[in-house]
1. Per the chain: cysteines with no other Cys C-beta under 4.7 angstrom?
2. Among DSSP beta bridges lying fully in the chain, give the percent that are antiparallel, nearest 5.
3. With the crude spin-label approximation of a point 7 Å out along Cα→Cβ, what separation in nm comes out for GLU174 versus VAL31?
4. Ranked highest first by average number of other Cβ atoms within 10 Å, how do 93-106, 234-247 line up?
5. Could you look at region 2-262 and say what percent of its accessible area is carbon and sulfur, using a 1.4 Å probe and all protein chains?
6. Extent of the chain along each principal axis, from alpha carbon coordinates, in Å, largest to smallest?
7. Say R0 is 30 Å: what FRET efficiency, to the nearest 0.05, do GLU235 and TRP17 get from their beta-carbon distance?
8. Would you mind checking LYS186/LYS258; LYS125/LYS197; LYS147/LYS241; LYS210/LYS241 for any pair whose Cα atoms are more than 18 angstrom apart?
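The values are calculated or read from the model by the stated rules, or taken from the named source; none is laboratory data. All values derive from a computational prediction rather than experimental measurement. Virtual Cβ from ideal backbone geometry, glycine too; neighbours counted across all protein chains shown. Remember, those area values only see protein heavy atoms, side chains included, never the ligands or the DNA or RNA. Shrake-Rupley method; radii C 1.70, N 1.55, O 1.52, S 1.80 Å.
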Amino acid sequence: MFEEKNKSTVYGPVKSWRFGMSLGIDPIFEVSTCSFNCVYCQLGQIQDITNTRKEFVSTEQVITDYKAILQAHDVIDVITFSGSGEPTLATNLGEISDEIRKISPDTPQFILTNATLLGDPTVIKDLLKLDKVTVKLDATNEELFQKINRPAMGVSFKQTWEWMVKFRSIYTGEFEVQMMLMPMNKIELGELSHRLKILRPDLVQINTPKRPYPLSWHRENRGNHENIFDYKVSELKTMPKDEAQNIVTQLEANTGLKFQIFN
Ligand code: SF4
């Protein structure tokens with residue numbers, strides 16, 4: 001069942017209560033590639049851990065796949081750039097966005113990014129075109145960043161944070177922060193509150209990852225929310241819901257921001 005679906009650079013749509021029918025665009029596709037190698041990544045161990053940008057799949061291929069999906073589904077409410085790694089690594093991200101806009105001018109375009117390339121003016125230019133940018137912020141210091149996100153050589157928390165703040169100051173679209181809470185992430189609530197107040201996101205999405213960590217790469221895990229595994233996985237130590245809720249309650253009180261817990 002998964003095989004056919006996973007030959008396409010466009011996956012879904014997945015029905016979500018927040019956005020309706022949501023379609024994923026994967027500009028990475030062939031090999032899982034990211035500037036992080038997060039301990040909880042649903043893709044499993046990242047095959048190519050790098051912060052060097054390149055074109056992974058042609059814009060033409062993505063647009064062909066997109067048109068094929070549109071033929072099969074009448075309603076697509078939103079598209080999200082995500083998939084087999086960090087989407088801003090794709091040098092043709094902006095071009096793909098433009099081409100999709102020509103076909104579907106009214107469909108909002110979102111991206112989920114780890115923010116490690118926000119120092120690149122071309123990446124900034126590409127992201128400014130999008131309707132919503134969600135940045136990943138799991139750590140509050142270098143040590144946790146290295147332990148949880150396990151970034152590519154030369155990628156630091158300090159630099160990524162500075163770029164995130166700078167991007168936030170110029171981005172006028174919807175801006176969200178996504179954070180993973182897990183027992184190994186000993187975040188300092190005061191420090192996190194301070195940083196969130198600087199970022200002023202429209203929403204902070206809190207996730208408590210529960211899905212086992214795949215020990216090998218399976219493209220079906222782009223956007224797959226089902227716990228069906230016929231390959232080796234290792235269990236994650238998860239944070240109990242009430243503990244996550246306590247943290248969120250304190251963060252809400254400290255920051256006055258809007259939070260949402262996704263389990
Ligand atoms: S940033 Fe996303 S794609 Fe990259 S390793 Fe982390 S969870 Fe996986």
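1. For the chain, the answer is CYS34, because their Cβ atoms have no other cysteine Cβ under 4.7 Å.
2. Among the beta bridges of the chain, antiparallel pairing accounts for roughly 20 percent.
3. If labels sit at GLU174 and VAL31, their model points lie 3.5 nm apart.
4. Working: 93-106: 15.8, 234-247: 13.7.
The peptides rank, most packed first, as 93-106, 234-247.
5. Answer for region 2-262: carbon and sulfur cover 51 percent of the accessible area.
6. 48, 44, 37
7. Numbers: r = 27 Å, r/R0 = 0.91.
Efficiency, rounded to the nearest 0.05: 0.65.
8. In this structure, LYS186/LYS258; LYS125/LYS197; LYS147/LYS241 exceed 18 Å between Cα atoms.
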